[in-house]
């Protein structure tokens with residue numbers, strides 16, 4: 001059935017201040033947005049995620065939703081988000097919802113977990129990928145909005161540090177919107193060896209402060225909810241999680257496989273200390 005506004009030409013007539021002109025029809029914009037969303041590499045599990053079906057049942061989640069909406073409402077905007085929280089609180093949902101809404105506004109966008117992105121780049125060296133490393137880096141650096149999910153979970157190496165710095169610095173320099181999610185706390189001490197700054201380096205961490213609004217999200221683990229759980233059930237689960245976390249003293253998970261280096265106190269012999277941790281995953 002043909003569009004009743006443009007008769008499928010993609011252009012519609014509008015009159016502004018007595019001047020008649022033609023502009024792109026909404027149907028053309030929607031079709032283009034649908035194609036751009038299909039090319040955005042959003043995982044199948046998260047393709048349904050929108051602002052409308054995000055469960056904001058406490059103040060921190062409402063605050064996160066408000067910031068995400070503002071990023072889209074002020075499109076085009078160069079300032080993005082760093083969503084910080086425990087697994088299952090909805091960070092990836094909100095990041096994808098922001099990306100989808102941004103694309104529907106007319107922008108281009110791309111989704112990657114940092115672990116998968118690093119794996120994709122390594123695959124170019126062995127010839128597993130059709131695109132070259134330079135082509136992949138150019139795409140993630142130049143797209144209007146980039147979502148980097150699970151920042152800090154990837155193994156820390158000099159190569160990883162260089163790649164992450166290339167991407168973040170390019171987007172910082174070109175003032176492109178970036179949305180990141182992380183399980184790693186920024187805490188009161190940003191130099192803590194198990195914090196986000198130690199995972200990404202102080203140069204990237206400094207740029208993130210200027211590029212992004214830091215948003216803490218607290219809530220229940222949505223993946224553990226009972227079938228057909230309502231907001232009241234999620235609130236109760238969230239309160240139980242807070243009590244358990246308070247009793248154990250455990251906050252955001254931090255340790256992953258790899259080594260972090262810190263300088264010991266001046267009154268002790270100079271040496272390097274390494275922390276090894278649990279296996280990095282990409283489930284969050």
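Nothing in this text is a laboratory measurement; each read-out follows from the coordinates by a stated rule. Just so you know, these numbers come straight off a predicted model, no measurement behind them. Don't worry about glycine lacking a Cβ; one is built from the backbone with ideal geometry, like all the others, and counts go over all protein chains shown.
Summary table
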{"read-out": "Residues 129, 154, sorted so that the one with the fewest Cβ neighbours within 10 Å comes first", "value": "129, 154"}
{"read-out": "Rounded if a/c under 1.5, otherwise prolate or oblate - the range 1-154, Cα gyration tensor axes", "value": "oblate"}
{"read-out": "The range 1-57: radius of gyration and largest Cα-Cα distance (Dmax), Å", "value": "16.6, 48"}
{"read-out": "Diffusion constant of the range 31-248 at 25 °C, which comes from Stokes-Einstein with the Kirkwood Cα-pair radius and 0.890 mPa s, µm²/s", "value": "136 µm²/s"}
{"read-out": "Sorted peptide list for 90-100, 133-143, criterion being average Cβ within 10 angstrom, highest first", "value": "90-100, 133-143"}
{"read-out": "Cα-based shape type of the range 14-101, given that a ≥ b ≥ c are square roots of the gyration tensor eigenvalues and the cut on a/c is 1.5", "value": "prolate"}
{"read-out": "Residue order, fewest to most beta carbons within 10 Å, for 1, 145, 240, 118", "value": "1, 240, 118, 145"}
{"read-out": "Taking the convex hull of Cα positions in the range 127-244, its mean projected area over all directions (nm²)", "value": "10.4 nm²"}
{"read-out": "Cα radius of gyration and Dmax for the range 202-241 (Å)", "value": "15.9, 44"}
{"read-out": "Additional length obtainable on full extension of the chain from residue 44 to residue 73, 0.36 nm per residue less Cα span", "value": "7.9 nm"}
{"read-out": "Ranked 27, 49, criterion: other C-beta atoms within 10 Å, fewest first", "value": "27, 49"}
